[in-house]
There are 2 protein chains.
Amino acid sequence: MIGSDIREGEIAVTLPEKFDAGVYFIGRIRTPWKTRSECPRNARGSDAVCTIELDKRYAPALDGVVTCTHLVVLYFMHEARRDLVVQVSRHSGRRGTFALRSPVRPNPIAMSVVKLVKVEGSTLSVVGLDCLDGTPLIDIKPYFASVDSVPDAVVGWSKSGKE
Amino acid sequence: MIGSDIREGEIAVTLPEKFDAGVYFIGRIRTPWKTRSECPRNARGSDAVCTIELDKRYAPALDGVVTCTHLVVLYFMHEARRDLVVQVSRHSGRRGTFALRSPVRPNPIAMSVVKLVKVEGSTLSVVGLDCLDGTPLIDIKPYFASVDSVPDAVVGWSKSGKE
């Protein structure tokens, strides 16, 4: 059965009845983009400086972050549906959800690698985000090139090698 | 106040009364490590092939994953406390939580970049995990070198540049 909100070739599954764990929204991400259509195609699609507004409760957790050139940011794509396991798009064709970086996934948690520009109090200025203004923040981590950087990694289905 | 379960110099905060969103455990990670002390120091600390057992419900979402040489894996460190914003360890000194990759954080979601070895049905064999056997899986994403690889990134507080 294909509803009006699912494209031909897409597959939806019934999700479990309840969640297994909870997450806190620990801040908000401020970007220039107010709608999905305004968002850049991927995180290298814009040089815009975005801001991460961390809740003041967690401000001491930023101690040492200023020494990092790059960070891993996890955020919650709270407007995305979660039940599609196969998706169809003009850009990516028909793919399994786990072969895509689409916001649509069972746990709509995005990961972006960002360049740190500035830390002021509990606000970070960064380059490399592509999400909607107001997106809830989940986590900030230091980016370690030793474990996180794989320059020769390949995504075979993607002709451009880009998202 | 420093309890018996917190080290001198560490800072705990009161977490919000309730969660803002929920996550599904979509599978389990199988590793050779049954206790925290057995786990390798970081994800490059072992060449062990680990397996990711995805729930069969989500198996169609793996379509296309086999074309990826590397994946981003998100998993839930369900045994970690969540209230420390400053942590002290012999390895890393005294640091804010967001300058660390410690499992202890408000949302104990780990991110590892892994090398894909094999896909068989709903089971993936990968190299590059360092977590406990049985760790709940949250997400699998394709690793795009174009946006995820930053070979010259620096974590200034870390002498070795390693986790």
Check: What shape does the range A:94-163 have by the C-alpha gyration tensor, where a ≥ b ≥ c are the square roots of the eigenvalues, rounded means a/c under 1.5, and otherwise prolate means a/b greater than b/c and oblate the rest?
Finding: oblate
Note to self: Mean-square fluctuation check for chain A, GNM, Cα pairs under 10 Å: which of A:31, A:14, A:123 is largest?
What the structure shows: A:14
Item checked: trypsin sites (Lys or Arg not before Pro) restricted to DSSP loop in the range A:72-163 with at most 11 other C-beta within 10 Å -> A:90, A:159
Margin query: Using the Cα centre of the range B:119-163 as the reference point, and only Cβ charges (+1 on K/R, -1 on D/E), how large is the resulting charge dipole? Debye, rounded to the nearest 20.
Written below: 180 debye
Check: At residue B:134, with labels set 7 Å past Cα in the Cβ direction, how many nm apart are the copies from this one, shortest first?
Finding: 4.2
Checklist line | Highest-MSF residue in chain A out of A:114, A:85, A:23 [GNM, Cα springs under 10 Å] | finding: A:23
Item checked: Reachable lysines, given that their alpha-carbon falls under 19 Å from the alpha-carbon of residue A:18 and they are not under 8 places away in the same chain -> B:18, B:56
Check: Given springs between every Cα pair under 10 Å in a Gaussian network model of chain B, which of B:106, B:60, B:136 has the largest fluctuation?
Finding: B:60
Next item on the list: Compute the Cα gyration tensor for chain A, then decide on rounded, prolate or oblate, letting a ≥ b ≥ c be the square roots of its eigenvalues: rounded whenever a/c is under 1.5, prolate when a/b is larger than b/c in the other cases, and oblate in all that remain.
Entry: prolate
Margin query: Quick check on the protein assembly as shown: helices-only [θ] at 222 nm, where DSSP H runs of length 4 and up contribute -39,500 (n - 2.57) each and the sum goes over total residues. Nearest 500, please.
Written below: -500 deg cm²/dmol
Item checked: Estimated FRET transfer efficiency when R0 is 35 angstrom, pair residue A:15-residue A:125 (beta carbons, to 0.05) -> 0.45
Checklist line | Loop-located GluC sites (Glu not before Pro) in the range B:8-62, at most 14 other Cβ atoms within 10 Å (DSSP) | finding: B:8, B:17
Next item on the list: Taking a label point 7 Å out from Cα toward Cβ, give me the nm distances from residue B:22 to the same spot in the other copies, shortest first, one decimal.
Entry: 1.1
Check: Under 19 Å Cα-Cα from residue B:159, which lysines qualify once same-chain neighbours fewer than 8 residues away are excluded?
Finding: A:141
Check: What's the extension gain from residue B:36 to residue B:133 if we count 0.36 nm per residue and subtract their Cα-Cα distance?
Finding: 33.9 nm
Notebook entry, point to check: If you put a point 7 Å past Cα along the Cβ direction, how far is that point for residue A:160 from the same point in each other copy, in nm, smallest first?
Noted result: 3.9
Checklist line | Quarter of Cα convex hull surface for the protein assembly as shown, i.e. mean projection, nm² | finding: 16.3 nm²
Note to self: How much length would be gained if the chain were fully extended between residue B:154 and residue B:48, taking 0.36 nm per residue of separation minus their Cα-Cα distance, in nm to one decimal?
What the structure shows: 35.5 nm
Notebook entry, point to check: Taking Cα centroids, how far is the range A:23-68 from the range B:57-121 in Å?
Noted result: 19 Å
Next item on the list: Work out the length of the dipole vector of the range A:16-163 about its Cα centre, built from +1 on the beta-carbon of each Lys and Arg and -1 on the beta-carbon of each Asp and Glu, and round it to the nearest 20 debye.
Entry: 520 debye
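Values quoted throughout were computed directly from the atomic coordinates according to the rules given, and no laboratory measurement underlies them. Only a predicted model underlies this, so the values are computations on that prediction, with no experimental measurement involved. Neighbour counts run over all protein chains shown; Cβ positions are idealised from the backbone, glycine included.
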